[in-house]
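These notes concern the structure reproduced below.
The values are calculated or read from the model by the stated rules, or taken from the named source; none is laboratory data. Here the structure is a predicted model, which means the values were calculated and not measured. Cβ placement follows ideal geometry from the backbone for every residue including glycine, while neighbour counts extend to all protein chains displayed. SASA here: full protein model, heavy atoms, side chains in, ligands and nucleic acids out. Shrake-Rupley method; radii C 1.70, N 1.55, O 1.52, S 1.80 Å.
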Amino acid sequence: MLLLVLGALLLLFCSLDVWYFLRGAQLFFQAWFQPRIWDILAEQSIDGMVLPHDLDYLGHMNNSRYLRECDFARFHHYMRNGLFMASRKLGARLVVGASTIRYRRSLAFREAFEIRTKIVSWDEKAFYLEQRFVSKKDGFVSAVMLCRQNVVHCSPERIIEFICKRKVGKCPEFPEDLKHWVSFISASSQALRAESGLEEKNK
């Protein structure tokens, strides 16, 4: 019986990213019992540490782990400021449409860090966030990520109005670096659509 249970657990861990779902559940309950943050634009942070399963062949945190940690940090962020529950009640889905990360200094094994997440602005289709990996050793920003969080079946303005129970004014002005990044995304989308059109014509 014990061997059967161990075999089933091994099969589960081999076929499903169990730790991902366990971590998500842990963050859900952690955020659920923490005080609500009413300022949508407030920066929030969660703590982390580079563990053995985060390492690459060079002995520091591998590139894909940064993106994974950002996923968890955004989920925690949305739980604390009400965006997650509001989007669920409105039938909306929050989907990553684009992300760009800049690595400035590697995070070493057992190095403690915090991920600082904030909503920078939004438009009619998406929220735009900045996420920073800050080393607790010396406060250095080891990596910075920009993320476009698309809102499906709703709009950012509608979600914010649902949370705030009032009409919202203009969204915060886009910083220059975010403007350039959004322009790059738009140009890339147009180029890909043009390529798809050419492929369809050539069929």
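Odds and ends about this structure:
- Pairs where the first residue, in the stretch 1-16, is assigned to a helix (DSSP H, G or I) and the second is among the β-branched types (Val, Ile, Thr) and surrounded by 10 or more Cβ atoms within 10 Å (Cβ to Cβ), C-beta under 9 Å, 6+ apart: LEU9/VAL18; LEU12/VAL18
- Strands (runs of 3 or more DSSP E) lying entirely in the stretch 88-203 (those with 3 or more residues that are open to solvent by 40 Å² or more (accessible area, probe 1.4 Å) and of a type outside the set (D, E, K, R)): 93-103
- Residue in the stretch 70-78 that is among the hydroxyl-bearing types (Ser, Thr, Tyr) and in a helix (DSSP H, G or I) present: yes
Table: residues versus (1) touching a residue at least 60 places away in the same chain (Cβ under 8 Å); (2) acidic (Asp, Glu); (3) under 26 Å from VAL168 (Cα atoms).
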position	(1), (2), (3)
ALA25	no, no, no
VAL50	yes, no, no
ALA73	no, no, yes
MET85	no, no, yes
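Table: residues versus (1) at pLDDT 90 or above; (2) among the aromatic types (Phe, Trp, Tyr); (3) touching a strand residue (DSSP E or B) at 6+ places or on another chain (Cβ under 6 Å).
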{"residue": "MET1", "(1), (2), (3)": "no, no, no"}
{"residue": "LEU51", "(1), (2), (3)": "yes, no, no"}
{"residue": "ASP56", "(1), (2), (3)": "yes, no, no"}
{"residue": "SER64", "(1), (2), (3)": "yes, no, no"}
{"residue": "TYR78", "(1), (2), (3)": "yes, yes, no"}
{"residue": "ARG88", "(1), (2), (3)": "yes, no, no"}
{"residue": "PHE113", "(1), (2), (3)": "yes, yes, yes"}
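- Looking only at the stretch 50-67, and only at residues there that are open to solvent by less than 50 Å² (accessible area, probe 1.4 Å) and within 18 Å of ARG132 (Cβ to Cβ), the one that is nearest to the chain's Cα centre (by Cα): TYR66
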